[in-house]
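Notes follow the structure.
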Amino acid sequence: MPVEPHHPKYAEAFARLLGIMNDLREQCPWDKKQTMESLRYLTIEETYELSDAILNNNLEEVKKELGDLLLHIVFYSRIAAEQSAFDIADVIHQVCEKLIRRHPHIYGNVQAADEHEVKRNWEQLKMAEKAAAGEKASVLSGVPQSLPALVKAIRIQEKARAVGFDWDKPADVWAKVEEEMNELKSELQSGTTVNQQEIESEFGDLLFALVNYARFININPETALEKTNLKFTRRFNFLESESRKDGKSLAEMTLAEMDVYWNRAKELGL
């Protein structure tokens, strides 16, 4: 169901939040002390909490975490307004203008056949805007340096693809995965003194190639890995709790004994 943008409930809800933010900033000792720098790590934490809620398909938690992130956006904007830099209206209008510019297939006369063409147009427009502003135009300049390495690999590859620097077929990408795997094996089995730096380099190349292949089979590798992390955690927690019920200690169990509980967890669909 589409949102009715002019329905008064949206303006009322947003005005209520802005009013509460004003109260907190002016009256609460903790809120009065906050700066953009002090809020930064809290915003990162809230973003990860939203990510957890999405992976758990918990829409009630998604709603809660979205509210927390919205509060942070309003908080940053209030601090900026105190410095006469910008306010929340400037933030909203700026993103609206960017969305209109970056979607000429909606707000202009450009044609876009599919989502890949939309992404390609987006990156080209972004580079043109940077060049017009006198900024150094690079396809990869918009990838934050502080992103986790796996997420950064995804974004680097997406941006390269948007300008046509990409493989043609999944089979070609898989061949690259196998090539990198063989290079890693070769380095590990060289028979000479282990060169840890080279092994690390080859391992990184293999991970990068696997991320590339994931794109071609429509899998987000970060999401896939996190789901595997959660699955491992569920099964390991089962192993701990069930072995404890049987009076056993993990420190004294053999791997074969642990595998009995692990396989039972798998059979239960954990």
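The values are calculated or read from the model by the stated rules, or taken from the named source; none is laboratory data. The model shown is predicted, which means the values in this text are computed figures rather than measured ones. Note: ideal-geometry Cβ built from the backbone for every residue, glycine included; neighbour counts use all protein chains shown. Side chains are part of the model used for accessible areas, which takes the heavy atoms of the whole protein and leaves out ligands, DNA and RNA. Shrake-Rupley method; radii C 1.70, N 1.55, O 1.52, S 1.80 Å.
Specify which of the listed residues (112, 85) is over 22 Å from the mean Cα position of the chain (by Cα) and loosely packed, with under 11 Cβ neighbours inside 10 Å.
Being over 22 Å from the mean Cα position of the chain (by Cα) and loosely packed, with under 11 Cβ neighbours inside 10 Å holds for just one of 112, 85, which is 85.
If residue 3 meets every condition in (1) open to solvent by less than 60 Å² (accessible area, probe 1.4 Å); (2) in a loop (DSSP other than H, G, I, E, B); (3) of a type in the set (A, V, I, L, M) apart from one, which number is that one?
With (1) open to solvent by less than 60 Å² (accessible area, probe 1.4 Å); (2) in a loop (DSSP other than H, G, I, E, B); (3) of a type in the set (A, V, I, L, M) applied to residue 3, the lone miss is (1).
Out of the range 40-77, which residues are open to solvent by 50 Å² or more (accessible area, probe 1.4 Å) and either on the phi > 0 side of the Ramachandran plot or among the charged types (D, E, K, R) (or both)?
Scanning the range 40-77 gives 40, 45, 49, 52, 57, 60, 61, 63, 64.
Please specify each residue of the range 251-263 satisfying the condition of being closer than 9 Å to residue 239 by Cα and in contact with a Lys or Arg (Cβ under 9 Å, 6 or more places away or on another chain).
Result: 261, 262.
Quick test of your reading of the structure: residue 73 fulfils all but one of (1) more than 24 Å from residue 30 (Cα to Cα); (2) part of a helix (DSSP H, G or I). Name the failing condition by number.
With (1) more than 24 Å from residue 30 (Cα to Cα); (2) part of a helix (DSSP H, G or I) applied to residue 73, the lone miss is (1).
Can you give me the ranges of the helices (runs of 4 or more DSSP H) entirely in the range 82-151 with at least 3 residues that are among the charged types (D, E, K, R), closer than 30 Å to residue 207 by Cβ and touching a residue at least 12 places away in the same chain (Cβ under 8 Å)?
115-132
Within the range 251-270, can you find the residues that are open to solvent by less than 40 Å² (accessible area, probe 1.4 Å), without any contact (Cβ under 8 Å) to a residue 24 or more places away in the chain and among the hydrophobic types (A, V, I, L, M, F, W, C)?
Passing the criteria: only 253.
Need pairs with beta-carbon distance below 8 Å; first residue farther than 13 Å from residue 71 by Cα and assigned to a loop (DSSP other than H, G, I, E, B) and within the range 21-45, second small (Gly, Ala, Ser) and open to solvent by 80 Å² or more (accessible area, probe 1.4 Å); sequence gap 6+ or separate chains.
none
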